[in-house]
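Here is the structure we will look at.
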Amino acid sequence: MDETTRKLIDALRSDPSNVAHYQALKAHYLSLGDVASAANLIEGWAARESDPMRASSAYLEAARLVMSLPNEEERLLSLLELALTLNPLAEDARGFLENYYLVRNDVDGLVDSLERQRDHLARIDTDPRVLAELEYRLGELLGERLGRKDDALQRYRAAAEIDPSHVQALYAARMELLRRGEIQSAIALLEQEASAETDPDRKLALLLELEQRALHELHDPALAIQAGEKAIAIAPHDLELRHRLTSMLLERIERGEASARDEAVAVQLMLELAAASPSDAAIVYARNALRIDPGSVEALGIFEDAARDESARKELLEHYSRFLEIAPDEGLSNTRRKRYAELLLASGAPEAAAEALQPLIEAGDAEASLKLVAITDAHPGLRPPMLPRALALLTEGYLEGGRPDAAAIALERLFLVEKDLDERIAIAERLSKLATETLHDRELALRVLRAWTALDPTDLTPQIRLVPLLREEGLTDELLDILDTLSLDPMDGGQYALEAARLLFESGDAKASLFRLRDRASFDERCRDAMLEIARSSGLEALLPDEFREEAPSASGVPHSPLDGLSELIEDEAELIDEEDAHFEDEAELIDEGDAHFEDAAELIEDAAELIDEDEATVIDHAVRSLGGDEASHQGSVEPPQAEPSAFDAARLGTADGGNARTSGTALLADAIARTAGEYGDEAGVSPAEETDHTEGDEPLLLEEEDFELIEAEGALDATDEDEDALTILDDDDLELIEEDEVGAPQDAPRLIEER
């Protein structure tokens, strides 16, 4: 031993943990070529090292030196196993050890060495991945080198159980099972392998293999679909993968085996495929999606965009129908309902289109209401039940939007289609106010008020509103008809009788003017004064009833126009006419009071009947004679018009059945005849003998059937052209109702008596 070696050894002995002294001595041995001393030094250092990793490296270094020494095989193997024991992941040491055995073709020795390592590591509770790797390596050696396939499979499975992420062991075991034909077990390992694989490309390949094997070998579509979904997650832009998965899902749905989740996945896949495909392919995907989920808004939208030909649009109708059955009526659903209606209309089904709009109109949709009105415009024979509702919505919308003219049009149309009588009357009242107060449209106001009058002849409101309009328009004949009807009101009839008398007098018909006032003169002082003044100024005192003749002074002195006093009387009533709105509000109360007046009138009729000693014909004849002569002398009083009976004439006599009017035309006519008979009976000179023609129980104050035939034959009930205008907004039902009543107006009765 040289001096340098001695000094280095002494230095290391004095401080065994001194790395510098250790490295210096090791280098000195190697420089001298003393491999054995260097190997001993390194092995001793490894035994004293507390760090397993550094100790393992030292044992491996010593083994490399020992390998060059003769007859040191056992020591070499011991050093390598020590290195692997301290560091199971020391691949250099493992490779060195395996190479040593394999060079010598000692596979059994290598297997024994690896098993010793495995047992040792199992005892010290080492990392499972190390144990799994040893098991896998043992399986490789047993299967590939020794041909012990069963033992190899056992080792592979052991490795996979210890470390489920050991994909090499899973693959090796799966291959062995496939070789044996154990498909189900192999596919189970394939599924496990695909889950454990971290490389995306290899993972995708494993999933696709699993999909195909599960579908075609296991006949397990659920497993195949699951693998397909995982594959799409790895390659989201691969349309082929989506198409394959969609096909599998559709087949399962058709077999009735799909779950709700399967259906949802299929719909989503088809939406994605449709969005990425041309229109001809997109419509196929959208169609299949809608078959699975008819309420899919996205699928319906794709189908709408892709439906370009006629057949596709027809199919779209079916999809709309199914969609609207389950979709709530809100948002996009309402838009789809309108499109559905448009398609139905375009396909020649207006009735179905109107029905499709019904929920929207019920919910107050103005656009749908306008569409429904347009449909009925194009198809006049169509009357959908929601049309009144639609027109009402449009009316309110136009009024809120500051378009009263459009609102009036909608209201007038609503009047035409509404069937309920009370509703029609309410519409007419509203429309008449709109026409007069807002639009100042006299023509519309006249048309509406005439129709209102025809609908309900017992309602005096429209007739009262007609008076100023007819007066402004100069429609004298119609105005006289209205005034005659209004003059029958026991409470307020005087003002209208006065105005009728004024109109007649101004037209040069003093006799007719006098006649208009005579009926009310007995209880209305204003009418009596006007009648006396007209008789005096016109020299018609002979036509006055006996009790009034003495009150009529002769026409002498300064000429005096009867219009002066009559105008004053009419002016007295001006405030009442101007305040007609207040009168309308009190109308119900006045009607109730009117009933009492009618009862009083009936009592008067009965009293008059007791005084009459003649039958009806005699009363009528003497009444005519008492009016001033033969029939020819009175031709200028009120000539009967030559037109057909108007709606307003029929309306003034009551409703179509004649029994529901508040004031029966026949009863009013009887009242006029009774008063005539009472006033002029004595003058007529009725003989007692003629009284025998009347039998007890008859109604002497009512016209007989032949009287009405005479009236009808003479055309006394013909209407004016203005009356015909009133019918322009009445529907067929109203006309039929009006035409059933062929009886004339009550104010014509005295003239008819006179003419007869």
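Within segment 62-79, residues that are within 17 Å of residue 95 (Cα to Cα) have Cβ atoms under 7 Å from residues that are modelled with pLDDT of 90 or more and among the basic types (Lys, Arg) in these pairs: 66/75, counting only partners at least 6 apart in sequence or on another chain. Taken as a whole, the structure places residue 110 among residues that are buried (at least 17 other Cβ atoms within 10 Å of the Cβ) and either assigned to a helix (DSSP H, G or I) or of a type in the set (A, V, I, L, M, F, W, C) (or both). All conditions but one from (1) among the small types (Gly, Ala, Ser); (2) closer than 20 Å to residue 233 by Cβ; (3) surrounded by fewer than 21 Cβ atoms within 10 Å (Cβ to Cβ) apply to residue 266; the one that does not is (3). One residue stands out in segment 460-510 among those that are without any contact (Cβ under 8 Å) to a residue 60 or more places away in the chain and assigned to a loop (DSSP other than H, G, I, E, B): the one that is surrounded by the fewest Cβ atoms within 10 Å (Cβ to Cβ), namely 474. Of all residues in segment 251-263, those satisfying the criterion of being surrounded by fewer than 19 Cβ atoms within 10 Å (Cβ to Cβ) and part of a helix (DSSP H, G or I) are 251, 253, 254, 260, 261, 263.
If only one of 313, 322, 337, 308 is at negative phi, in a loop (DSSP other than H, G, I, E, B) and of a type in the set (D, E, K, R), which one is it?
Details: 313 fails: in a loop (DSSP other than H, G, I, E, B); 322 fails: in a loop (DSSP other than H, G, I, E, B); 337 fails: in a loop (DSSP other than H, G, I, E, B).
When all the criteria are applied, what remains is 308.
Residues in segment 298-310 that are surrounded by fewer than 16 Cβ atoms within 10 Å (Cβ to Cβ) and under 15 Å from residue 272 (Cβ atoms): 301 alone. If the condition is being free of Cβ contacts under 8 Å to residues at least 12 places away in the same chain and either under 25 Å from residue 404 (Cα atoms) or in contact with a Phe, Trp or Tyr (Cβ under 6 Å, 6 or more places away or on another chain) (or both), then segment 370-384 contributes 374, 377, 380.
Does residue 75 satisfy being basic (Lys, Arg) and over 29 Å from residue 137 (Cα atoms)? When the stated conditions are applied, residue 75 does not pass them.
Residue pairs whose Cβ atoms lie under 6 Å apart, separated by 6 or more positions or on different chains, with the first residue in segment 417-429 and over 15 Å from residue 449 (Cα atoms) and in contact (Cβ under 8 Å) with a residue 12 or more places away in the chain and the second among the charged types (D, E, K, R) and in a helix (DSSP H, G or I), are 418/424.
Residues that are buried (at least 20 other Cβ atoms within 10 Å of the Cβ) and in the same structural domain as residue 269 (by the TED database) were ranked within segment 194-243; the one that is nearest to residue 267 (Cα to Cα) is 242.
The values are calculated or read from the model by the stated rules, or taken from the named source; none is laboratory data. Values in this document were obtained by computation on a predicted structure and should not be read as measured data. Positions of Cβ are generated from backbone atoms using ideal geometry, with glycine treated the same way; all protein chains shown enter the neighbour counts.
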